[in-house]
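See below for the structure under consideration.
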Amino acid sequence: MTATAGAGGANSLAAGINAKTGKDAEKSVAIGYGSYAKETGAVSIGSGAGGEYGAGISIGDGSVSQRSTSLAIGTGAKTGHGNGPTAGGGDIAVGDQSFVENYVNQSGGIAIGQKSHVENMYGSRESLFAFGQTDYSGGTPADPSKVATGIAIGQNSYARTGSLMVGTHNYRGLLGDVTVDSADTKTFNLDINSTTLGTNSYNEGAFSTVTGAYSIASGSYSTGRAKNFGANIYGALNSIESETAASPLSGVANSVVGTANRTFNSNGSLIFGAGNEIKNSVAVITGMPASGGDSAKALADSLRAAVKSSEGGGAVLAVGGGNTADYAQASQLMGVNNTLTGTSNAISRYNLLDGYKNTGENVSHITVIGSGNTVKNGEFNIVLGDRRRMYGKSHNVVIGSADGATETTASDAVIIGYNANASVDGGVALGSGSVASVDKGVVGYDPTPGADHANDTTGVWKSTAAAVSVGAVTITGGTPVTRQITGVAAGVNDTDAVNVAQLKALLGAGGGSWNLDTKPGTQPAVAVNPNDTVTFTSGDNITITRDDKNV
């Protein structure tokens, strides 16, 4: 049919006060007060539908589609282009006040849901991570169709260039370290190539992913664009908090899996479980890529090299529940309710806490496996067991649990056994209940008359390190612990142990004592020890002769 009721093009339809189609708009439809279908094939249905552009499909009061291949459905739904209707298309906006906004004629944005918003910008972020798909001039792409566009699905959802957000956003209140407002979802998601899936979840980080309800990766786009780069959250009620963090690299490469976990001012952190918290575990990541290079692979290679050369950033791992790390780096907490802390001036580094309620404070290079252990202000300590304590001590190895909280007051000690302990530096306690309490510098027993080894420096007669204990001779209110040492081979050197076989051989070789007696006589026999001298004196009409062993 020809033009009808304000229709200007062949086979077009206009119905309603001030409804019209373009004069050359064939097969177009305009229905509703002030609706306008300007281009061929355009459909504008609703009061003011089509706006001044009248392109594509616009259904709903005030709905506007600026491209012939775009779709806007819903009251006030719009697909728009900053530079006017000259290129691009394929956008979809469905829902009350939904909006696909293109700055330079990008194509393919999708906004579905009440007040959903896709904002395909152009600028430094887009140009830096174009991966060689199109040239940029002053932040403007030569071919906008090569720019990945955003997808926002859900009430108040928002997605910038290359980003995806799916989920309803209607919560106003505290989330992580910020107060979110569904009326301004954009403020908390203003970065490119991010993925956010979940009810009332937010994501401020390039190439970052948040999956789960009420989770957030907060950042500061205006002052810290590297924050949360490549961060990941999987689960509900988790937070990677970088908005209020001091470090511009906070959140970089953090991964959180589980429920109600938190990182703050940390990077390279890994959390798996529930209720874990890593704070102030942040380090400089040298070689952090400033752009994407010529491909996604190039960016991945650069980021991988930067993380490796920087030893993973803060690099704290928490696996389990209720673990806490603060001012720690390159450390692991595994189990439940373990705590590792340092200070801003003394970071706790290179530690492992595994088990239940273990505590490390101002420590480095410690390994604690067990439960209820506490190590503070020390380094290079190993504890395998339960209920052990160390304060200001270092270089200890403790293997074995204790009945109650047991403090080791020595350094450089080796303690193996249940309730075993050491009270002197360098002591060695072997066996259940053994205590190393004999310090170095002790002079050993020498049966030689007049022997004095107080100044011995050879280590033969005077010990140069604390003793090895296989028991505990002095126990208040208890029975001394003593043990035989069995299976000892014969010693060779002056500092080797002597076994019983050697002592027997010495006795058999004449090295033992003998008795001196007279017959008849009134005195008891006298023992003569090795190296003793027996003198027989003749005189006063007494002659002494000897026949073999008889005098």
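The values are calculated or read from the model by the stated rules, or taken from the named source; none is laboratory data. Every value quoted in this text rests on a predicted model; they were computed, and no experiment measured them. Counting neighbours? That spans all protein chains shown, and the Cβs are built from the backbone with ideal geometry, glycine included.
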Problem - Breaking point among (1) without any contact (Cβ under 8 Å) to a residue 24 or more places away in the chain; (2) farther than 30 Å from ALA245 by Cβ; (3) of a type in the set (Gly, Ala, Ser), for GLY427 - result: (1)
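Scan the stretch 17-31 for residues that are in a loop (DSSP other than H, G, I, E, B) and either among the charged types (D, E, K, R) or touching a strand residue (DSSP E or B) at 6+ places or on another chain (Cβ under 6 Å) (or both) and report the count. Before you say what the answer is, go through the steps one by one.
Going through the stretch 17-31, the residues in a loop (DSSP other than H, G, I, E, B) turn out to be 17-19, 22-28.
Subset that is either among the charged types (D, E, K, R) or touching a strand residue (DSSP E or B) at 6+ places or on another chain (Cβ under 6 Å) (or both): 19, 23-28.
Result for the stretch 17-31: 7.
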Practice task
Would you check if there is a residue in the stretch 317-328 being buried (at least 18 other Cβ atoms within 10 Å of the Cβ) and within 30 Å of GLY426 (Cβ to Cβ)?
Solution key: yes
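Conditions (1) part of a strand (DSSP E or B); (2) surrounded by fewer than 19 Cβ atoms within 10 Å (Cβ to Cβ); (3) in contact with a strand residue (DSSP E or B) (Cβ under 9 Å, 6 or more places away or on another chain), marked per residue:
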position	(1), (2), (3)
ALA93	yes, no, yes
ASP96	no, yes, no
GLU101	yes, no, yes
ASN105	no, no, yes
ALA111	yes, no, yes
GLU119	yes, no, yes
TYR122	no, no, yes
PHE131	no, yes, no
THR134	no, yes, yes
Exercise for the section: Please name all residue pairs, on different chains or six or more residues apart, with Cβ atoms under 8 Å, provided the first residue is in the stretch 333-354 and is under 14 Å from ASP386 (Cβ atoms) and the second residue is among the acidic types (Asp, Glu). Expected result: GLY335/ASP354; ASN338/ASP354
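I'd like the full set of residues that are assigned to a strand (DSSP E or B) and either under 23 Å from THR482 (Cβ atoms) or in contact (Cβ under 8 Å) with a residue 60 or more places away in the chain (or both), limited to the stretch 433-463. Outline the logic, then answer.
As a first pass, look at the stretch 433-463 and keep what is assigned to a strand (DSSP E or B): 435-436, 443, 462.
Passing the criteria: VAL435, ALA436, VAL443.
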Exercise for the section: State all residues of the stretch 275-309 that are of a type in the set (Ser, Thr, Tyr) and either assigned to a helix (DSSP H, G or I) or modelled with pLDDT of 90 or more (or both); if no residue qualifies, say none. Expected result: SER281, SER295, SER302, SER309
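When you look at ALA25, is it more than 50 Å from the chain's Cα centre (by Cα), touching a residue at least 24 places away in the same chain (Cβ under 8 Å), crowded, with 24+ Cβ neighbours inside 10 Å and under 30 Å from GLY139 (Cβ atoms), yes or no?
Details: more than 50 Å from the chain's Cα centre (by Cα): yes; touching a residue at least 24 places away in the same chain (Cβ under 8 Å): yes; crowded, with 24+ Cβ neighbours inside 10 Å: yes; under 30 Å from GLY139 (Cβ atoms): no.
Here the answer is no, as ALA25 does not meet what is asked.
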Problem - Tally, over the stretch 346-356, of residues that are out of contact with any Leu (no Cβ under 8 Å at 6 or more places or on another chain) and within 15 Å of ALA283 (Cβ to Cβ) - result: 4
Handout entry: Filter pass, LEU299 being hydrophobic (A, V, I, L, M, F, W, C), surrounded by 24 or more Cβ atoms within 10 Å (Cβ to Cβ) and more than 9 Å from the chain's Cα centre (by Cα)
Key = no
Exercise for the section: Of the conditions (1) closer than 24 Å to GLY342 by Cβ; (2) in contact with a strand residue (DSSP E or B) (Cβ under 6 Å, 6 or more places away or on another chain); (3) among the hydrophobic types (A, V, I, L, M, F, W, C), LEU249 clears all except one; give me its number. Expected result: (2)
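Quick one: which strands (runs of 3 or more DSSP E) lie wholly within the stretch 166-261 and hold at least 1 residues that are buried (at least 24 other Cβ atoms within 10 Å of the Cβ) and either more than 16 Å from the chain's Cα centre (by Cα) or in contact (Cβ under 8 Å) with a residue 12 or more places away in the chain (or both)?
Working: elements: 173-175, 178-180, 195-197, 209-211, 216-218, 232-234, 239-241, 255-259.
Passing ranges, in order: 195-197, 209-211, 216-218, 232-234, 239-241, 255-259.
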Completion exercise
Scanning the stretch 136-161 residue by residue, the ones that are out of contact with any Asp or Glu (no Cβ under 6 Å at 6 or more places or on another chain), surrounded by fewer than 23 Cβ atoms within 10 Å (Cβ to Cβ) and not acidic (Asp, Glu) total 13
Practice task
Could you tell me which of the residues ASP439, ASP425, ASP403, ASP446 is of a type in the set (Asp, Glu), at pLDDT 95 or above and farther than 30 Å from LYS357 by Cα?
Solution key: ASP439
